[in-house]
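The values are calculated or read from the model by the stated rules, or taken from the named source; none is laboratory data. These numbers come from a predicted model, not from an experiment. Backbone-built Cβ (ideal geometry, glycine too); neighbour counts: all protein chains shown.
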Amino acid sequence: MAVLINELANMIARYFDDIRLIGGSVVPVCTTRLDCRFMGTWSVEFMLSGRMTFAIDGGEPVVMESPIVFWHSPRHCYQYGAMDGKGWYHHWVLMKGRRARRLVEEGFMPLSPAGYVHVRDAQAVAALFRAVIQRIGKTDPLETGLAVTLLERLLCLLMAEIRAIAPSMPYADALDTLASRIRATPLTPVVFPLEAKRMGLSYSRFRRLFRDRLGRAPHDYLLFHRMQNAATALHALSRSVKQVALEAGYDDAAQFSKLFKKKIGLAPRLYRVALPLSST
């Protein structure tokens, strides 16, 4: 029996050896303010109560109302903090490994371009987080396995909620089509008031719906994806920053570098140095 138990433990350890839960906590009053990139780690986070400001890659900050789930990926730089000195009720789980990357980047991130999802059953989500956090640091590999399946259960819960409310989201298809076009050809000029007119919307309503759907105001969304396109161009080490700036439509390399840092989180030359680390 002891041999069977050991073999089972080894099997579970092998099955979950592509993820490591390295931290997690429940913070009843969180007043953190940050502006950073979490290199080599991924996280899933939950605000049970309170409010906070939130932005990604230097985008226009939004006020997030609880209850809400959000996440971190090393591909992005995050800026958030408490409002008016008041904290929020925070839960977080930090992870490393291939499965952690897949869970966040192929699971949670596609749920919302804005980087967060509102939840209806806050207490159920809080219970899932606490169950995961209680298993962090346990030596029994089965505890890790249970924690990972709980995170996957949370992902499925959010997927179900989004599917339930998706039909009621106005102009979602038209906005998604426009956003897809911007991502595919970010250097092509876009006249957003004209896009609003084509949808039969005033520009102010179009801008609000776009931001609610995509997490950024229209022009900010376009600029961000232009900088993402430039970031991809920087992978070609034979091309200078000035060349990449010109291809992005900027004659002034200094202006380009300033905007690139605001949207991506690092200056172009530093981003190029960090490329091997960013791709892990």
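Here LEU201 fulfils each of the conditions (1) touching a helix residue (DSSP H, G or I) at 6+ places or on another chain (Cβ under 6 Å); (2) assigned to a loop (DSSP other than H, G, I, E, B) apart from (1).
Only one of the listed residues (ALA147, ALA127) is small (Gly, Ala, Ser) and either crowded, with 18+ Cβ neighbours inside 10 Å or farther than 16 Å from VAL44 by Cα (or both). That residue is ALA147.
Restricting the range 229-243 to residues that are over 26 Å from the mean Cα position of the chain (by Cα) and farther than 26 Å from GLN79 by Cα, which is surrounded by the fewest Cβ atoms within 10 Å (Cβ to Cβ)? Ranking the qualifying residues of the range 229-243, first place goes to SER238. Among the residues of the range 57-74, the ones that are touching a residue at least 60 places away in the same chain (Cβ under 8 Å), over 15 Å from PRO110 (Cα atoms) and in contact with a His (Cβ under 9 Å, 6 or more places away or on another chain) come to 1 in all.
Within the range 180-217, being closer than 23 Å to ALA248 by Cβ, surrounded by 14 or more Cβ atoms within 10 Å (Cβ to Cβ) and either touching a residue at least 60 places away in the same chain (Cβ under 8 Å) or in contact with a Lys or Arg (Cβ under 6 Å, 6 or more places away or on another chain) (or both) holds for PRO186, LEU214, GLY215, ARG216, ALA217. So is GLU195 at pLDDT 90 or above, assigned to a helix (DSSP H, G or I) and acidic (Asp, Glu) or not? Against the criterion (at pLDDT 90 or above, assigned to a helix (DSSP H, G or I) and acidic (Asp, Glu)), GLU195 qualifies.
Looking only at the range 115-134, count how many residues are farther than 12 Å from LEU48 by Cβ and touching a strand residue (DSSP E or B) at 6+ places or on another chain (Cβ under 8 Å).
Result for the range 115-134: 6.
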